[in-house]
Amino acid sequence: MPRKLLISLTFVPLLAACGSGSVSSVPAPPSRNAKPPVRTPVRVSPPPPRLQVTPGLEGVIGASGDDLVRQFGPARLDVIEGDARKLQFSGSACVLDVYLYPQGSARDLQATYVDARRASDGQDVDRAACVSALRKR
């Protein structure tokens, strides 16, 4: 008897598959030729950089690279990355990093941020004091 029961249980899944015409809740596998939907890229201009507003940095923030060279002399470093530029000026008192980014429709590079540190140990210093110390007299 157990053998007949075992044989009849083997056919139950096969009969169930042929059974009712009910819709299965399992979705059909995607066709091999079907392509996933493609999103159209959105082209948005980056927002304009925010200018650093700090007393003592007048004449530096908003200046072009040429203006900065006239104020501080030749840059120790001039690094271009993408559409940005970093100019580094140094003296015995401090090192000044000036970051220039494109402005307006002409995409002219203008200084938008300044960072300063001591030349001896790299500790942060007052930016305005460093600007003052490095300006050509």
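Under a point-charge model restricted to the Cβ atoms of Lys and Arg (+1) and Asp and Glu (-1), what is the dipole moment magnitude of segment 38-136 relative to its Cα centre, in debye to the nearest 20?
For this selection, approximately 180 debye.
Would you list L96, L68 from fewest to most Cβ contacts within 10 Å?
L68, L96
Using modelled backbone amide H atoms (1.01 Å from N, in-plane), which distant-in-sequence or interchain residues come within less than 5 Å of Q110's amide H?
Amide H neighbours of Q110, under 5 Å, 5+ apart: Y101, Q103.
Please list, in order along segment 53-67, the HN-Hα scalar couplings obtained from phi with the Karplus expression 6.51 cos²θ - 1.76 cosθ + 1.60 (θ = phi - 60°), rounded to whole Hz, x for Gly and Pro.
The phi angles translate into 10, 9, x, x, 9, 4, x, 9, 5, x, 7, 7, x, 5, 4 Hz.
Determine, for V44, V98, V79, V60, the number of other Cβ atoms within 10 Å of each Cβ, and report the residues in order from fewest to most.
Details: V44 6, V98 26, V79 12, V60 23.
Going from least to most buried by this count: V44, V79, V60, V98.
For a footprinting-style exposure proxy, rank T112, T54, T40 by other Cβ within 10 Å, fewest first. Could the numbers behind the result be given before it?
Values: T112 19, T54 15, T40 5.
Listing T112, T54, T40 from fewest to most nearby Cβ atoms yields T40, T54, T112.
DSSP loop (so not H, G, I, E, B), at most 15 other Cβ within 10 Å: list which trypsin sites (Lys or Arg not before Pro) in segment 51-97 pass both filters.
R76
Using θ = phi - 60° and the Karplus form 6.51 cos²θ - 1.76 cosθ + 1.60, what ³J(HN,Hα) does each residue of segment 120-131 get, whole Hz, x for Gly and Pro?
With coefficients 6.51, -1.76 and 1.60, one gets 6, 10, x, 6, 4, 10, 4, 5, 5, 5, 5, 4 Hz.
Throughout, read-outs are computed from the coordinates displayed, never taken from laboratory work. Quick caveat: nothing in here was measured; it's all calculated off a predicted structure. Here Cβ is always computed from backbone atoms with ideal geometry, including for glycine, and neighbour counts include all displayed protein chains.
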